[in-house]
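Here the structure is laid out as structure tokens; the discussion comes afterwards.
The values are calculated or read from the model by the stated rules, or taken from the named source; none is laboratory data. Please read all numbers here as calculations on a predicted model, not as lab measurements. Cβ coordinates were reconstructed from backbone atoms using ideal geometry, including for glycine residues, and neighbour counts include every protein chain displayed.
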């Protein structure tokens, strides 16, 4: 708490409120016609109708009052206001507050993967770190690998971080620690990545370095429109990896929470395979999963 001392002046209408540090360089004189939009302390003091002028310099604030009140009735209230405002803005002028990252945890269909969702976008695209070596240029992921030996994979996309743990612990034992680490790291201004994220569109191109054929593009378009949003909501990503026209088999690349998920096979067979058969029956008869 900032400690303020009250000192009288030679002018009975003016009282000094003295701090234990220098408030501003130079001086500042304000009245009710002054622009105080960036000076919260002045805004609070001028809320009192008897305050008609404020002078700030060195380590004190001088307040001039109207004759309608006596200092003995109001000085202590003003002292409290000044202490509170200096605690919030020690340098008088409005300090822009850091944007707070609100992080909440969210289960995924994969029991080993937990999503840590932010109220702010983290990146436009995605990055997957399968081990600490992959995280060399992804500081957020590296911080998680370094902090927790149970972290096996980190997947960052849009506004969430999906963390894959080993079987050493259950999430109820470690979830709070991981959430706090993510929140503290982001709030402290830590870098998320030093490399460009992969774009969401056709990420398989990054792997195969090729363009889709017309048929592959049709399949991918169906995936992106009808399947990908739900998968990404569960902390994962699905992409067309390969397509065999002879057997009409579409191989899907599973990443993030989907990779290694016990329910992935069932999801593919019961959901994605049926969707593709419905929309492109002449192209797809079978779907297979490839864990990323």
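Here segment 157-174 is the region considered, the condition is being free of Cβ contacts under 8 Å to residues at least 12 places away in the same chain and under 13 Å from residue 107 (Cα atoms), and the residue that is surrounded by the fewest Cβ atoms within 10 Å (Cβ to Cβ) is 172.
Exactly one residue among 231, 290, 284, 280 is modelled with pLDDT of 70 or more and closer than 29 Å to residue 159 by Cβ, and that residue is 231. Looking across 72, 76, 85, one residue alone is at pLDDT below 95 and buried (at least 17 other Cβ atoms within 10 Å of the Cβ). It is 85. Taking the conditions (1) in a strand (DSSP E or B); (2) loosely packed, with under 15 Cβ neighbours inside 10 Å in turn, residue 54 satisfies each one other than (2). Scanning segment 156-179 turns up one or more residues that are in contact with a helix residue (DSSP H, G or I) (Cβ under 8 Å, 6 or more places away or on another chain) and part of a loop (DSSP other than H, G, I, E, B).
Only one of the listed residues (127, 144) is modelled with pLDDT under 95, buried (at least 22 other Cβ atoms within 10 Å of the Cβ) and under 22 Å from residue 104 (Cβ atoms). That residue is 127. Taken as a whole, the condition of being at pLDDT below 90 and surrounded by 11 or more Cβ atoms within 10 Å (Cβ to Cβ) does not apply to residue 5. Of 23, 15, 94, all but one fail to be at pLDDT 95 or above and either buried (at least 18 other Cβ atoms within 10 Å of the Cβ) or part of a loop (DSSP other than H, G, I, E, B) (or both); the exception is 15.
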